[in-house]
1. Restricting to the range 69-80, what's the tally of residues that are assigned to a loop (DSSP other than H, G, I, E, B) and surrounded by fewer than 18 Cβ atoms within 10 Å (Cβ to Cβ)?
2. Looking only at residues that are assigned to a loop (DSSP other than H, G, I, E, B) and touching a residue at least 24 places away in the same chain (Cβ under 8 Å) in the range 132-161, which one is surrounded by the fewest Cβ atoms within 10 Å (Cβ to Cβ)?
3. Name the single residue, out of those in the range 81-111 being under 26 Å from A32 (Cα atoms) and in contact with a strand residue (DSSP E or B) (Cβ under 6 Å, 6 or more places away or on another chain), that is surrounded by the fewest Cβ atoms within 10 Å (Cβ to Cβ).
4. Where the second residue is modelled with pLDDT of 95 or more and of a type in the set (G, A, S) and the first is crowded, with 18+ Cβ neighbours inside 10 Å and lies in the range 20-37, which pairs have Cβ atoms under 8 Å and are six or more apart or on separate chains?
5. Is it the case that the range 87-96 has a residue that's under 22 Å from K74 (Cα atoms) and in contact (Cβ under 8 Å) with a residue 24 or more places away in the chain?
6. Please determine, by comparing only the residues of the range 112-131 that are crowded, with 17+ Cβ neighbours inside 10 Å and within 18 Å of E89 (Cβ to Cβ), which one is nearest to the chain's Cα centre (by Cα).
7. Could you grab the pairs with beta carbons closer than 6 Å, sequence gap of 6+ or different chains, first residue in the range 54-68 and surrounded by 11 or more Cβ atoms within 10 Å (Cβ to Cβ), second one of a type in the set (S, T, Y) and in a loop (DSSP other than H, G, I, E, B)?
8. Is it true that K100 is more than 19 Å from the chain's Cα centre (by Cα) and either aliphatic (A, V, I, L, M) or in a helix (DSSP H, G or I) (or both)?
Amino acid sequence: MAKALKTEKSATGEIVLDSKDLSILHLLQQNARMTVKEIADTIHLSTTPVHERIKRMEANGVIKQYATLLDHTKVKKSLIAICYVSLKEHNKTAGTKFVKAIQQMPDVVECYTISGEFDFMLKVMCEDMNAYHDFHVNKLSQIENMGHVQSIFVMGVIKQTHQLVYA
């Protein structure tokens, strides 16, 4: 019979991560292809507890997925645009329709609901300005209930990271 994964939760229901868990996460953020043995050697634990900790963090959603980070310029996604979007109507149905439409657009790599003058912020990555124009005119602007869109173009990337845990 499989051993149950032990999960410690705080009084607020948050998953408790100790220093070893954080060390594992830090190492996996730097290189998700590290073996359990390499991690174990680095943080001075045996492989079994490291493996169990990783499985627990995966099961509890702390580790959502493993990904390969690409150089956007080498996969024909050289243009990065930040789009601020306002909807005409502000109700649950309208918002849900917008979100569903955005989730179907591969050029939109990030979407956030935001406060302030606009309702959403999108990070859009395209091959070039012509591809962005096509996206803006034929996809984004065609979404039902679209109000105002303001596009800002990224001139250069100063810092780009996905690391949330630091050793």
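The values are calculated or read from the model by the stated rules, or taken from the named source; none is laboratory data. Here the structure is a predicted model, which is why all the values come from computation and not from measurement. So basically every Cβ, Gly included, is an ideal-geometry build from the backbone, and we count neighbours across all protein chains shown.
1. Of the residues in the range 69-80, the ones assigned to a loop (DSSP other than H, G, I, E, B) are 69-71, 76-78.
From the residues that got through so far, the ones that are surrounded by fewer than 18 Cβ atoms within 10 Å (Cβ to Cβ) too are 69-71, 76, 78.
Total meeting the criteria: 5.
2. Here is the first cut: in the range 132-161, the residues assigned to a loop (DSSP other than H, G, I, E, B) are 139, 143-145, 154-161.
Restricting the remaining residues to those that are touching a residue at least 24 places away in the same chain (Cβ under 8 Å) gives 139, 143-145, 154, 157.
On the way: K139: 16, I143: 16, E144: 11, N145: 16, V154: 14, V157: 9.
Ranking the candidates gives V157 first.
3. Restricting to residues being under 26 Å from A32 (Cα atoms) and in contact with a strand residue (DSSP E or B) (Cβ under 6 Å, 6 or more places away or on another chain), the top hit is E110.
4. none
5. The answer is no; no qualifying residue exists.
6. Applying the filter and picking the extreme gives F120.
7. N60/T7
8. Values: more than 19 Å from the chain's Cα centre (by Cα): no; either aliphatic (A, V, I, L, M) or in a helix (DSSP H, G or I) (or both): yes.
Considered against the rule, which asks whether it is more than 19 Å from the chain's Cα centre (by Cα) and either aliphatic (A, V, I, L, M) or in a helix (DSSP H, G or I) (or both), K100 comes out as no.
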